[in-house]
Every structure is written in structure tokens, then in C-alpha cells.
1. Taking the stated definitions as given, is A:W230 touching an Asp or Glu at 6+ places or on another chain (Cβ under 9 Å), under 21 Å from A:P204 (Cα atoms) and surrounded by 18 or more Cβ atoms within 10 Å (Cβ to Cβ)?
2. Being surrounded by fewer than 22 Cβ atoms within 10 Å (Cβ to Cβ) and hydrophobic (A, V, I, L, M, F, W, C) is the filter; apply it to the stretch B:94-110 and report the residue that is nearest to the other protein chains (Cβ to nearest Cβ).
3. In the stretch B:179-202, which residues are modelled with pLDDT of 85 or more, touching a helix residue (DSSP H, G or I) at 6+ places or on another chain (Cβ under 9 Å) and assigned to a helix (DSSP H, G or I)?
4. Within the set of pairs 6+ apart or on separate chains, which have a first residue in the stretch A:6-17 that is part of a helix (DSSP H, G or I), a second that is modelled with pLDDT of 95 or more and charged (D, E, K, R), and C-beta atoms under 7 Å apart?
5. Looking at (1) under 17 Å from the mean Cα position of the chain (by Cα); (2) part of a loop (DSSP other than H, G, I, E, B); (3) crowded, with 20+ Cβ neighbours inside 10 Å, find the lone condition where B:D91 falls short.
6. Here are the criteria: (1) free of Cβ contacts under 8 Å to residues at least 60 places away in the same chain; (2) within 30 Å of B:L197 (Cβ to Cβ); (3) open to solvent by less than 10 Å² (accessible area, probe 1.4 Å); (4) not polar (S, T, N, Q). Tell me which single one B:D227 does not satisfy.
7. Residue check: is B:F56 out of contact with any strand residue (DSSP E or B) (no Cβ under 8 Å at 6 or more places or on another chain), part of a loop (DSSP other than H, G, I, E, B) and not aliphatic (A, V, I, L, M)?
8. Here is a list of conditions, (1) outside any strand (DSSP E or B); (2) over 14 Å from the mean Cα position of the chain (by Cα), and B:V26 meets all of them except one; can you say which number that is?
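The values are calculated or read from the model by the stated rules, or taken from the named source; none is laboratory data. Since the model is a prediction, treat every value here as computed from it, not as a measurement. Every residue, glycine among them, receives a Cβ derived from its backbone with ideal geometry; neighbour counts consider all protein chains shown. Ligands, DNA and RNA are stripped out before the accessible areas are found, and what is left, the full protein with its side chains, is counted by its heavy atoms. Shrake-Rupley method; radii C 1.70, N 1.55, O 1.52, S 1.80 Å.
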Amino acid sequence: MKSLRNVIGLGLARGWTEFWIPILTWQGLLGALFAPVSLVAILWFFRERQSEGVSLALLMLPGFLSFQLAQEGLVGVAQKLALDREDGTLLRAKALPQGMLAYLIARVVVIVLSALMNLMLVLIPVLFIAPGLVTIDGTGFITLAWVFALAFLAITPIGAVIGAIMKSPAAALGLSLLPMGALVLASGIFYPLAALPVISEIFPVYWLGHGLRSALLPEMLATLEIGGSWRPLETALVLAAWATGGLLLAPGILRRMARRTSGSEMEAGRRRYTQSG
Amino acid sequence: MPNKDTAIEVTGLQMRYGDHVVLDGVDFALRRGEVLVLLGPNGAGKTTIIEILEGFRARSGGSVSVLGIDPEQADEAWRARVGIVLQSWRDHSAWQVRELLSHFGKYFGPYSTVERPRPIGTDELLHLVGLTDQAHKKVRDLSGGLRRRLDVAIGLVGNPELLFLDEPTVGFDPKARRELHDVIHRLADMQGTTILLSTHDLDEAEKLSDRILILAGGKIVADGSADQLTKEFSNQTEVIWTQDNQRHVHAGSDATTFARKLLAQHPEGISNLEIRHASLEDTYMNIVQTHEANSKAQKGDTQ
């Protein structure tokens, strides 16, 4: 009990430190702000252009938020895990009592904080620079919150599994970008497509987009969706199914990765790195 | 039954990857408080042995006991008793030295005992490895030698009963090497830490070890102190002297007899007489070459 409390505290502390370390450098700060600032600029630019009876910027907003979460949960997680394996961070964690558990807790903390930060960095400026653009009520906020949380749980384990099974960070990046691109394109998060292939309804990114649209867009736009209405029940069920599957699958694969992490593997990574660099 | 005075016991250790045999029946034991150096050419299996003992790698066969427990079945409490010096290169590069060491120390708090308080205080440890002035530097700003000292400090932070160091001074300049050797000596003397270290640096092995194991072809081919090994495996000596301003060398196993005769024949004119035993390097080359020749001959027989 005492050691469990200790390791949870250490995981949280480690995650907090790791979240701030990159942001507190000029380079890291610019990197963290680049995407949100670009997205907000695009939204601002299109705020007066109308489509479907509402601002084009409003139509784009749910897609942008979905894209950011998918990017963070899939590509970001996969790459960070592969990098930490290669550079020995994971091996160090393994050499400490309860180190792996603390490491994983820290990872979750960093992803949650980053995802929330990205969400806020887009949503809050939009509320200020284009007042009246988003007319979101209490129900809308609640929908936004649960869709975001559930989609996070559905997508992140996929990123973790990719990061755990790939041999090198480059491979992890490639393998996570590929489904990410396909998912984003097939999920209609950048445009409400009634003509989307039915297959996209299998993927969590589609339901993330759908859920966020239902939270942020006016009621009348539901007619553009597949089936012509908002489908909160299906959204919850599909995302929960992915989350359950991912959370059942990921720990075993992460444990296998942890077991196989060794100095020799890291040495191979170091050789790869020095040869290519 | 595991003996209380035994830190490591290895019997019939086997490691195979498919048909490739890396370790072929390794046996040895390590007493508590002993400093054992694993010596061998590259690819002899030193790192494999250490990773098996650290619990980082599953063996193919044989039995292994580290601090009384099989590392493959070891739990987090066992992990807290073992220190591992890893070779860092990029990990945690943005952390501050003191911040990182203090964070890692906290993992060991729940495993503290009266005999072995855990963790070691961060400032005390920084002082021990000579990093006090760098406490607030970022890890990435340390030179290679200072960084390796941090690696040692991280390995020590849990006040381990047993410390593993796999080739700790690779890529060091002589000064950094000397300084790390001093730290290791201090540990062994003051804390009574049991140390298992691998290297292919003979000078390092001779300086640090209580005992040396030489590993070749997946087997232990010699086991003893540097002195014992030199005496047991090599009776070669050199007699060196100066006569008429000329330096002479005689190599052979008959140094004493030779020197007596030499002095009897030339009652005057001999100076700078010196009898030199084979160095550990000569011994090592001798052992490894003999072993390699034998294994080649064996392969020839079976083919």
C-alpha cells in the first residue's frame, strides 16, 4: 500500500516535470504553440465565410479539435514510446523498483495535460476572437467533455501499441502516421460528409468528430450527418468498445515491451542513431 | 540453500539464440563484499551474463541466484537491493542533475531498512561521485566523463547491496577513468558494496578487482586474483640487464637460475638487473589464444 502510493506520487511528479520541461525552452514553446496558433489563425480567417447557413470556421472547428487529439494520442504517443525505448529512458525506469509503473503513469499524465492544453489553446482563443461563433451551452460542454475523454481512451492505447511493437522511432512514426491519415480522411472530421463510406463508422476518429460536431454545431446541421441526426448512444458505444479493447490489449503488449527492453537493444538503437546521424 | 555470504551463484548457465551458443555452461559464485571483474574479448558473452543477472534477459538454461533470488522471478523489493549502472547517452537530457537523482532516489524510500537506509541523500551522493558543482546543470550539458559519474550515482542511489557495471569506462580519457576508479574503490571500501564489473581493459581489471573471471567462447576459462592468474597461467619471465651500455633481454621460465649464472659469469659490468614477471596482459593473451586454438582444434575433430 505504502509503495503503491509512493509510485503513484512519483508517476504524477514525473509526468508534471516532463510536461513542463519542453515547454520551458524557446524551441519547445514555439513547437507547442505552432499548431494551435495556426489552427486559430485559419479559423479567424474563415470566420465570416458562410456555408450551410453558418460560419465556415465553426464547421471546421470540430475537425481541428479531433485532428489534434488523434495526432497527440496516436502519433505523439507512438513516437514518444519508441524514442524512450531507443534512448534508454525506459531501461532506466526498468532498473528502478516500480519504475515501469511510474513511467506509464507519467506518460498518461503528459498525454492528458498535452491534450487538454491543445484543446484550450484552440477553444479559448476562438471564443474571444470570434465572439458568437461558438454558441455552446451546458449540455454542449458536457458532451464535449465526455466525447473528448472517451475518444482519448479509445485512441491512446492504439498509439501505445504501435510505439511498443515498432523497432525504431522512425518506424513508429511511419506506422502511426499511416492509419492516422487514413482515419482522418475516412472519418469526415474536416467536412460533414453524408456520402462517407459506411466503413468509417467502425473507427474511433469518426465518432470523435461526430461527437464534437454534435457538441459544437447548431442542431440543424445534424441533417448533414450519416442517418441525418446526432447519435450520442452510438458514439458512446463505439468509443467505449475501442477503449475497452485497447485497455485490455495494451497492458500485455506494454509488459512484453518492458520485458524485452535491455541494454543490448538500446545499444543497437545507439548504433542506428550514430550511423544515421 | 542460498548461503547468506553469497551474493551471486551461477551454475551451468546456458544462453542460446537458435543454433548460436553465447554461454555454454558458466559456473561461478561471488561473495558479499567482493569486487569481481568479468574479463573477455568482445562477443565473449560478458554483457549477456550481466543482463541475465540483472533480470533483464531470460536465460536458456542453468540456475542463477542473485541475493538469494532467481532474477527471472524477482519482485520490486529485490530490484530495490540491486544497483545497475547503465550507459546513458540521450535519456533524461533535459533534467537537472540534482533533480533527476533526487527523483530516482524516491523510488527506494519504501524499501529502506535499518541496516541499509534508502535512498542515499542526494547531496551526499553528488559529493561522493564529485558532481556537486554540476548539481544544477542539465544532464545534456555534462561531458562524457561527468555523465558516466551521474550514471554511477544513479546506480548507487538506492544504497544497493550489489552493484553491476557493464564496461563503465568505455570512451573515457585517462583522467576520467582514474576518477571513476577512485569512486569504485571508495564504494567497495566504505559501503562494503558487492560489485560485479565487466571490462575488456586489463589495466582496469587489475586495479579494481579482488578476483577476475576470464570469459572466452561462452565459458569461464580462468578464475582468480590478478596475481594468481599471472602465476598459474604464465611462467614466463623476462630478465633484463645492461652490460657495456647495452640493454639485454632474456625471456624464459628459468629467471632465477639464469640470473645467478649471469652474475657468476660477469662479476663486474652488469647493471640495472631486473626480473619481470609476465603481466596480466601477457597472461590474458596467453589464456585467450590457447582457448581459441583449442576450440578450433575441437571443431576440426568433429567435422
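1. Yes.
2. Among those residues, the one meeting the criterion is B:A94.
3. Listed by number, the residues that qualify are B:H181, B:I184, B:H185, B:L202.
4. Pairs found: A:L10/B:K106.
5. Answer for B:D91: the failing condition is (1).
6. Status for B:D227: all satisfied but (3).
7. It is true that B:F56 is out of contact with any strand residue (DSSP E or B) (no Cβ under 8 Å at 6 or more places or on another chain), part of a loop (DSSP other than H, G, I, E, B) and not aliphatic (A, V, I, L, M).
8. Result: B:V26 passes all but (1).
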